[in-house]
1. With θ set to phi - 60° and the Karplus curve 6.51 cos²θ - 1.76 cosθ + 1.60, what are the ³J(HN,Hα) couplings of region 127-135 in order, to the nearest whole Hz, using x for Gly and Pro?
2. Hey, can you grab everything whose amide H is under 5 Å from the amide H of Lys75? Only 5+ residues off in sequence or another chain; H modelled, so Pro and N-termini drop out.
3. Sort 83-91, 107-115 for me by packing, meaning the mean count of neighbouring Cβ atoms within 10 Å per residue, highest on top.
4. Where only protein heavy atoms count, and the probe is 1.4 Å, what is the accessible area per residue for region 33-129 in Å²?
5. Which distance in nm do the two modelled labels at Thr42 and Arg129 give, with both placed 7 Å along the Cα-to-Cβ direction?
Amino acid sequence: GQDTAPAAAPERGQDGPAAPAAAAAPRARVAPSVLSSDLTVTGNIKTQGDIQIEGTVEGDIRAHQLTIGESATIKGEIVGDDIIVNGRVIGRVRGLKVRLTASARVEGDIIHKTIAIESGAHFEGSVQRQEDPLNNGGTKKLAPPAAE
């Protein structure tokens, strides 16, 4: 009897529990999500809010503010307004504000509006400044230097 309840849910015409939350207007500050160091995620992560990752993620991450902890390893593209990398990222980084701290290890290209790379950070790839780094198609038109 009880086992049939979950099966009936899709008929409600929604994409599961995530649909109502995505439609909600931006609200007051929500506590950041934290993925602890013993957690491994396979798949993409999306949030309108802030996330701190200490574990391993194989997939793309999209967030408003994204903190990659020292113990973290990300294999995939990370996208956010504000990205702080203390750990390891293997993949592309796209952010308005990107900061690599001394413990950062990044293998991949960085597309940013502003960037800070601390002494000691390890980085392999290209760094490209764009006026709107979060727009995927923005690679072709680089802003003229006079835009400052």
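1. 10, 10, 8, 9, 5, 10, x, 7, 7
2. Those qualifying (amide H under 5 Å, at least 5 residues apart or on another chain) are Val57, Glu58, Gly59, Ile90.
3. On the way: 83-91: 22.1, 107-115: 17.8.
Answer by packing, highest mean first, reads 83-91, 107-115.
4. 47
5. 4.1
The values are calculated or read from the model by the stated rules, or taken from the named source; none is laboratory data. Small disclaimer: the values here were computed from a predicted structure and weren't measured. Neighbour counts are summed over all protein chains in view; Cβ atoms, including those assigned to glycine, are modelled from backbone coordinates with ideal geometry. Remember, those area values only see protein heavy atoms, side chains included, never the ligands or the DNA or RNA. Shrake-Rupley method; radii C 1.70, N 1.55, O 1.52, S 1.80 Å.
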